[in-house]
Each structure stands twice: as structure tokens, then as C-alpha cells.
1. Pick from 69, 22, 149: which residue has the top mean-square fluctuation in a GNM of the chain where Cα pairs under 10 Å get a spring?
2. When 97, 171 are ordered from fewest to most other Cβ atoms inside 10 Å of their Cβ, what list results?
3. Expressed in nm to one decimal, what extension gain is obtained for the pair residue 116 and residue 150 from 0.36 nm per residue of sequence separation less their Cα-Cα distance?
4. Whole number please: convex hull volume per residue, Cα atoms of the chain, in Å³.
5. Run the numbers for residue 133 and residue 164: contour at 0.36 nm per residue of separation, minus the present Cα-Cα distance, in nm.
6. At each listed q (0.15 Å⁻¹), what is the log10 of I(q)/I(0) that the Debye formula gives for segment 47-100 modelled as equal alpha-carbon point scatterers?
7. Can you give the calculated 222 nm mean residue ellipticity of the chain, where each DSSP H run of n ≥ 4 adds -39,500 (n - 2.57) and the sum is split over every residue, rounded to the nearest 500 deg cm²/dmol?
8. By how many degrees, 0 to 90 and rounded to 10, does the Cα axis of helix 2-13 deviate from the longest principal axis of the chain?
């Protein structure tokens, strides 16, 4: 709790201090508060955090996100907040990494799902940073999750001829020829 107080004071003073002054302020606060026990009055922490999530969802609604997307965003963010158990202000990069790792292990989720969650959290925390609710997004240092790409097999000349021979309608034959020529044109283009 003491470190949270120090963090709050330093964040409030950042616009007015240079790096050396900020470091000195942190040292003085840690030394001065060393013998003190600090407790925070928990008045409406959950309510204010819920307001931040609702404000984010409102901003996304204005940007044109569908209600289905907004419900998914809300569920994802709430799950993260419940899983980490810290106030939004104090969530660090390691908390997000641990959450994503535990989520993947517990739910046996694919890399694509984990990257979707990372993108949603990145959007949320970037919005909080842009709106000056937090100093820096903890998701900023978590990079895109690498996912494998599936290379589809192409049809052999024999398979294409077999498909052409089995066409009963002229339209079907035209579609097969058009698709085959488009795919072949893409494959033959130099990289």
C-alpha cells in the first residue's frame, strides 16, 4: 500500500519534475514513510473501475464497434480485472503476462485467442493512457503472439481436369476455370 501511495504521488508530480528530481522525490518518500503503516479508505474502487470500463466501451461504441464486440470486450476486460485482482492503476506488465499465461494453461486456448485477448487489453490500456487515467500502458511491452500460418495445398493439373470433366453446367466450368486461373496467377507472380 505504501508503494502505491508513492507511485500516486510521483505520477502526480511527473509533469513538474525532471528525472533526477523524480528519483530524489521517490527516495525521500520511501525514507520518510518507512516507519509508517498506510491504509487506504476503500470507498468506491470497484465502482470507479467499472466506470472506466464503461467509458472505454462507450468510446468504442462511438467508433462503430458492434454490440457483440462490446460484450466480448467487456467480458475479456472484467475477466482480466478479476483474475489479476489489482486496481487498474497498479497493474503492471508482469501481471498481464502472468494472466495471459495462466489463461492459456487453464483454458487450453490457442495462440490466436491469446493474441485477441492481448489486443483487447492493449486497446483498453492505450485508451486509459490517452485519456490520462494511467501513466503508461502495461500492455505496451507485450508483443504480438506469433501464430503459425497454414499453407493450403493447391490442386494438381489432374485434379483440375477431373473437376472440369465432372461439371454438368457451363457456369460451374467457368467458375472452376476462373478460380484456377486466379490462383495460378497469384502463385506465379514474382515475390
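1. 149
2. Result, fewest neighbours first: 171, 97.
3. 10.4 nm
4. 216
5. 4.9 nm
6. Taking Cα atoms of segment 47-100 as identical point scatterers yields -0.45.
7. -22000 deg cm²/dmol
8. Between helix and principal axis, roughly 80 degrees.
Any read-out appearing in this document is the output of simple, stated calculations on the displayed coordinates, not a laboratory observation. Just so we're clear, the structure is a prediction, and the values are computed from it rather than from any experiment. All Cβ positions, glycine included, derive from the backbone under ideal geometry; neighbour counts span all protein chains shown.
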